[in-house]
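Trainee: I have a structure here, written as C-alpha cells, and I will follow up with some questions on it.
The values are calculated or read from the model by the stated rules, or taken from the named source; none is laboratory data. The model shown is predicted, which means the values in this text are computed figures rather than measured ones. Every residue, glycine as well, gets a Cβ built from its backbone with ideal geometry; the counts of neighbours run over all protein chains shown.
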Amino acid sequence: MSVAADCLFCRIAAGGIPAEVVRRDDGFVAFRDIAPKAPVHLLVIPARHVESLAGVGGLSEGERAAMLPFIAEVAREAGLEDGGYRVTTNHGPDARQSVFHLHWHVMGGGPLSETM
Ligand code: AMP
C-alpha cells in the first residue's frame, strides 16, 4: 500500500489524525469535510496514496472498479439519493486543489449553487 508520510489524508486513512469517518471499506474511507461547503459535505479517498485523479493509474484495477460504487453507496447512506448530490474532484492549481491525495467531494442536503 502506497502511503505518503507527510500526507494529511494518508494519516486520516490510517487513523493517525481524527476525522468523522462515515464509511470505511474496500480500501476507501469517507469522512466529513472539516469546512463544509454544503449542508452535507463528505470526502471519499482511496487509502492508497495517489495525488489526484490524474494519478488514477496508480490504483489497482480492483480499487478503480470499487471507487464509483463506494461513492454512490456513501451518498445513499447519507440520505442524499432522493434530493440529489454533486460529486467533484479537483486536480491542480486551476481547480484549486489544496490537498494532494485524490479525494472526491460528495455534496448535497439542499439546493447547491449553480456555479460550484
Ligand atoms: P481540495 O481543495 O479539493 O483539495 O479539497 C480539500 C478539502 O479538504 C477541503 O474541502 C477542506 O475543507 C478539506 N479538509 C482539509 N483538512 C481536512 C481535515 N483535517 N479533515 C477533513 N477535511 C479536511
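Trainee: Could you please find all residues in segment 79-97 being buried (at least 20 other Cβ atoms within 10 Å of the Cβ) and either of a type in the set (Gly, Ala, Ser) or away from the ligand (no atom under 16 Å from the Cβ) (or both)?
Mentor: Keep residues of segment 79-97 that are buried (at least 20 other Cβ atoms within 10 Å of the Cβ), which gives 80, 85.
If the condition is that a residue be buried (at least 20 other Cβ atoms within 10 Å of the Cβ) and either of a type in the set (Gly, Ala, Ser) or away from the ligand (no atom under 16 Å from the Cβ) (or both), then Leu80 is the only one that fits.
Trainee: So which pairs qualify, if the first residue must be in segment 73-102 and without any contact (Cβ under 8 Å) to a residue 12 or more places away in the chain, the second must be near the ligand (Cβ under 9 Å from one of its atoms), the Cβ gap must be under 9 Å, and the two must be at least 6 apart or on different chains?
Mentor: Ala95/Ser52; Ala95/Thr88; Ala95/Thr89; Arg96/Asn90; Ser98/Asn90
Trainee: Something else about it: Within segment 98-111, can you find the residues that are near the ligand (Cβ under 10 Å from one of its atoms), in a loop (DSSP other than H, G, I, E, B) and either surrounded by fewer than 18 Cβ atoms within 10 Å (Cβ to Cβ) or of a type in the set (A, V, I, L, M, F, W, C) (or both)?
Mentor: Residues satisfying the conditions are Ser98, Val99, Phe100, Leu102.
Trainee: Under 6 Å by Cβ, and 6 or more places apart or on different chains, what pairs join a residue from segment 27-43 that is touching a residue at least 60 places away in the same chain (Cβ under 8 Å) and among the β-branched types (Val, Ile, Thr) with one that is more than 10 Å from the ligand (Cβ to nearest atom) and in a strand (DSSP E or B)?
Mentor: That search, which allows pairs on different chains as well, returns Val40/Gly108.
Trainee: Scan segment 1-37 for residues that are touching a Ser or Thr at 6+ places or on another chain (Cβ under 9 Å) and farther than 22 Å from Glu61 by Cβ and jot them down.
Mentor: Lys37
Trainee: Here's something else I'd like to know. What do you reckon, is Gly15 free of Cβ contacts under 8 Å to residues at least 24 places away in the same chain and small (Gly, Ala, Ser)?
Mentor: Values: free of Cβ contacts under 8 Å to residues at least 24 places away in the same chain: yes; small (Gly, Ala, Ser): yes.
Yes: the conditions hold for Gly15.
Trainee: Now for a different question. Looking at segment 4-62 only, could you name the residues that are modelled with pLDDT under 95, under 14 Å from the mean Cα position of the chain (by Cα) and either surrounded by 13 or more Cβ atoms within 10 Å (Cβ to Cβ) or within 25 Å of Leu112 (Cβ to Cβ) (or both)?
Mentor: Asp26, the sole residue that qualifies.
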